[in-house]
Amino acid sequence: MAATEGTGALEKALDVLEAIGSAPRGVSQGELADQVKLPKTTLYRILATLVERGLVRRDAVGKVYRLGFRYLELVRNAYLMPDLVVAASAELRALRDLTGETSYLAVLDGNQVMSLERCDGAHTTRSAAALGQSKPVYCTGQGKAILAAMDDAGRDSILKGLTLAPLTELTITDRRRLLTELQITRARGYAIDDEEIVMGVRCVAAAIRDNAGNVRGALSVAGPAYRLTVERLELLGPELHEAARRVGAQLSESQVRIGDSEVTLVDCPWAFNGAFPRWSQAHGCLFWADTLAPAIRRLDEQGERIVARLPAPVVAMELHQRGLLVAHAAGWLILDEQGQQHPLPDWPGKALLGLCSHPSGSTWACMATPGGCKVGELSLQGEVRTPWEFHERLTSLCWGAQGQSLYATGAESGSVYVVAAGSQHVRRLASLPKGSGRLSGLALDCDGGVWTTLRDGWSLVRFSEDGNIDRMVGLPVPGPTDLAFGGPRHDTLYITSARHDIALEILSKAPGSGHLFSIQTEHLGATAQVSQWRV
């Protein structure tokens, strides 16, 4: 059967789409009829179908037709790169303003490169490659930048099936010379297209890598060769490299939301306000607290049960060499292995905000002060030694596995702080706007990731070592309160949640509020931090 046999209606519809897409200000039905040479009744039926499917929309004010938003949605979904386009937009404008030339964002498309976004230059005579148009990977600045940044196996798999056809007299067609060019590109951080695809046009480009080191695309600047001399391209190359680095810093290969289906509700009664999950490696169990109906709960192979009820709301809890150190509104106590409570009557009343353990076995505390709080090692008398000062009240503390850095969250500012042992400098690792939720709880993994829950945010997040969010997990409850890695192989992330402050209409949509949840780390793509101090 001939390729066009029986496809007349399809060709007519495609002609209509192309005519509408070529008219940025829209096109009337009469103008369409003149362009596509179709009878008005045929054109009307085609337009009605395209409008119904969302591929075309009618502007009632201008009485013209434009491409519909369904068309844009299909294009967006086909490449699944909205984050890349958003991250690159500001840099594309900045490169255009810096050079006056057209800047591009391109991605690898099989063994070619395709432009996803363009910011037109200021000159009448300028580069204007069409978006969505694929070009050879071996003779474009974008393609060479991407090839140079790839690992050897990935690059070789693309190049071995290519015929290096000469598109201009300057196109590199010798495979060994191309490989040498890619080595140079990798070493200096940017690629140059010296009239290799179009005579009279030069380009400089740099590859975009995400936080995981994956090549996501390339930024480029292109223009007439008489304005973009080779000397100028070499000066612009480092600028492209830095712009691409900034774009890549906003990206992560694993910026995904794990659905609620990956989150398991632990079979146990709900708590009014679950908090302070602590995994005891020595006992193979998880301790956690209901702070408002004050009780300490234990989850192990036999199930979940209450091991102690307390006389006042729980303020903080931490693993201790003698059992559990618990601070409540009426004082302090040690809860031993048999569930017996041993009050600490000599410990003075303090405005305690939180507790955590150092890998050496010492206990650290956060105490409120008039201007914020102080954090330090807790003495046997309940005093804080040589404290660090913070200008806001912290909600959680956590030491790194090696005891070299202390991490803390401040809900008021939405900040994650980090302090190096022996230093007085408090560094803000990351921050989130209040609309994201209130930071609550901390857990660290072996890859340097910092996990925290977002109370009122229905989620938990992971910050990478450089402070960028690279993981977000949706939760079926609005008030996750704290989290901890645990399980015999430390392959489970436990999350506590609150119920008492949830509005009834929201509670009907989140009946799991107050429950304990778990997620296997294989779903998170994380390796849990195993504490060196096993209690």
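The values are calculated or read from the model by the stated rules, or taken from the named source; none is laboratory data. Keep in mind it's a predicted model, so treat the numbers as computed, not measured. When we count neighbours, we look across all protein chains shown, and the Cβ atoms used for this are built from the backbone with ideal geometry, even at glycine.
Here are some notes:
- Selected residue (criterion: surrounded by the fewest Cβ atoms within 10 Å (Cβ to Cβ)) from residues of region 94-140 that are of a type in the set (D, E) and under 28 Å from the mean Cα position of the chain (by Cα): D109
Results for (1) surrounded by fewer than 22 Cβ atoms within 10 Å (Cβ to Cβ); (2) under 34 Å from the mean Cα position of the chain (by Cα); (3) assigned by the TED database to the domain that holds T395, shown as yes or no for each residue.
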site	(1), (2), (3)
P277	no, yes, yes
A282	yes, no, yes
C285	yes, yes, yes
D290	no, yes, yes
A295	yes, no, yes
E301	yes, no, yes
R309	yes, no, yes
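- Filter result for G274 (in contact (Cβ under 8 Å) with a residue 12 or more places away in the chain and within 30 Å of E301 (Cβ to Cβ)): yes
- Residues of region 325-366 satisfying the condition of being under 30 Å from A420 (Cα atoms) and assigned to a loop (DSSP other than H, G, I, E, B): W347, P348, G349, K350, A351, H358, P359, S360, G361, S362
- Evaluation of R176 against (1) part of a helix (DSSP H, G or I); (2) surrounded by 14 or more Cβ atoms within 10 Å (Cβ to Cβ); (3) modelled with pLDDT under 95 (one fails), failing number: (2)
- Of all residues making up region 374-402, the number that are surrounded by 18 or more Cβ atoms within 10 Å (Cβ to Cβ), of a type in the set (A, V, I, L, M, F, W, C) and under 32 Å from the mean Cα position of the chain (by Cα): 7
- Pick from region 201-227, criterion over 21 Å from L98 (Cα atoms) and surrounded by fewer than 18 Cβ atoms within 10 Å (Cβ to Cβ), ranking: nearest to the chain's Cα centre (by Cα): A212
- Out of G422, G371, G474, G457, one residue alone is at positive phi and either more than 16 Å from the chain's Cα centre (by Cα) or among the small types (G, A, S) (or both). It is G422.
- Considering G525, G422, G435, G514, the condition of being modelled with pLDDT of 95 or more and small (G, A, S) is satisfied by G514 alone.
- Residues in region 17-42 that are of a type outside the set (A, V, I, L, M, F, W, C) and assigned to a loop (DSSP other than H, G, I, E, B): S22, P24, R25, G26, S28, K37, P39.
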